[in-house]
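Student: The structure's right below; bear with me while I get my questions together.
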Amino acid sequence: MEDSTVRSTVFIAAFTALIIVGAIFSFPAPWNPLVPLTLATLFVILAGMMLGARRGLASVGLYLLLGLVGLPVFAGGSGGVQVLAGPTGGFLIGYALAAFLSGCIVRVSRTLPFLIVAALAGTLAIYLPGLPWLHWRLVGKVNDWSWASTWGRYTAPFLIGDGIKAIAAVLICRGLQDRINTQGR
C-alpha cells in the first residue's frame, strides 16, 4: 500500500472517530428536546477543511454508515436507520454536504477569508436539509409546528453555538494546516 493511501486512510478514520466522539458526548438542549447539542458539527466541518472535499466526505460517509448499521455513534450513543428517519436525520445528511462544501472552498485557497467562508458555508449546509426535514418530522407531533416555530424554537437558538464552532474550526484549521499533509485532496 502506498504511503499516501495509508496516510489518507488514517486521516479519514481519525476524523470519523472525532465526529463519533463529538456526537456521543451530547447534551439535551433545554429549549429543544429533539435536537441535542454536540461537537460533531465542528469535526464535520474540520474534516472538510483539513482533508479536502473527497476525504472529508469519506470520513462523514463512514460515520453515517456506522450509524446506519446500528453502531451507537449518533448523538447520545444512538444508532440505526430510525435515527436518520427521525427529526435529526436531515441534519445528519447535511453533515455530508458540509464536509464536501467546506473542502471544495478551501481547495480554492487556504487564506483566512476562505477558511471563514468554508466554515460558515459548511454550517449552513447542515441546515439546508436539516431544517426542512425537522419541520416535516414535527408536523402533527408538536402543538405549534409552523415554520416560525421550527425556526424560532428548534433552530435559531443553535446559531450562536454553531457560530462559535465555525470560529473554532477556522482557528484549528489555521493552527494545524501546515502539520497535516493534504496533498491529493
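The values are calculated or read from the model by the stated rules, or taken from the named source; none is laboratory data. Since the model is a prediction, treat every value here as computed from it, not as a measurement. Counting neighbours? That spans all protein chains shown, and the Cβs are built from the backbone with ideal geometry, glycine included.
Student: I'm trying to understand the selection: among the residues of the stretch 49-88, which are of a type in the set (S, T, N, Q) and without any contact (Cβ under 8 Å) to a residue 12 or more places away in the chain?
Tutor: Once the filter is applied, which keeps residues that are of a type in the set (S, T, N, Q) and without any contact (Cβ under 8 Å) to a residue 12 or more places away in the chain, the stretch 49-88 yields S78, Q82.
Student: Still on this structure, I have one more. Hey, can you tell me all the residues within the stretch 34-50 that are more than 14 Å from the chain's Cα centre (by Cα) and outside any strand (DSSP E or B)?
Tutor: none
Student: Restricting to the stretch 22-33, what's the tally of residues that are in a helix (DSSP H, G or I) and either surrounded by 18 or more Cβ atoms within 10 Å (Cβ to Cβ) or small (G, A, S) (or both)?
Tutor: The qualifying residues number 2.
Student: Can you tell me which of (1) in contact with a strand residue (DSSP E or B) (Cβ under 6 Å, 6 or more places away or on another chain); (2) in a loop (DSSP other than H, G, I, E, B); (3) aliphatic (A, V, I, L, M) is the one L71 doesn't meet?
Tutor: (1)
Student: Given the residues G86, G90, G79, G94, which is the only one that is over 15 Å from G163 (Cα atoms) and modelled with pLDDT under 95?
Tutor: G86
Student: Scan the helices (runs of 4 or more DSSP H) fully inside the stretch 89-185 and keep the ones with 2 or more residues being free of Cβ contacts under 8 Å to residues at least 12 places away in the same chain. Break it down into steps so the answer makes sense when it comes.
Tutor: On the way: elements: 89-108, 112-138, 147-154, 159-176.
Here the list reads 112-138, 147-154, 159-176.
Student: Give me the pairs, please: first residue somewhere in the stretch 4-22 and without any contact (Cβ under 8 Å) to a residue 40 or more places away in the chain, second residue anywhere and outside any helix (DSSP H, G or I) and surrounded by 13 or more Cβ atoms within 10 Å (Cβ to Cβ), beta-carbon distance under 7 Å, and either six or more positions apart or on two chains.
Tutor: Matching pairs, first to second residue: G22/T38; G22/L39.
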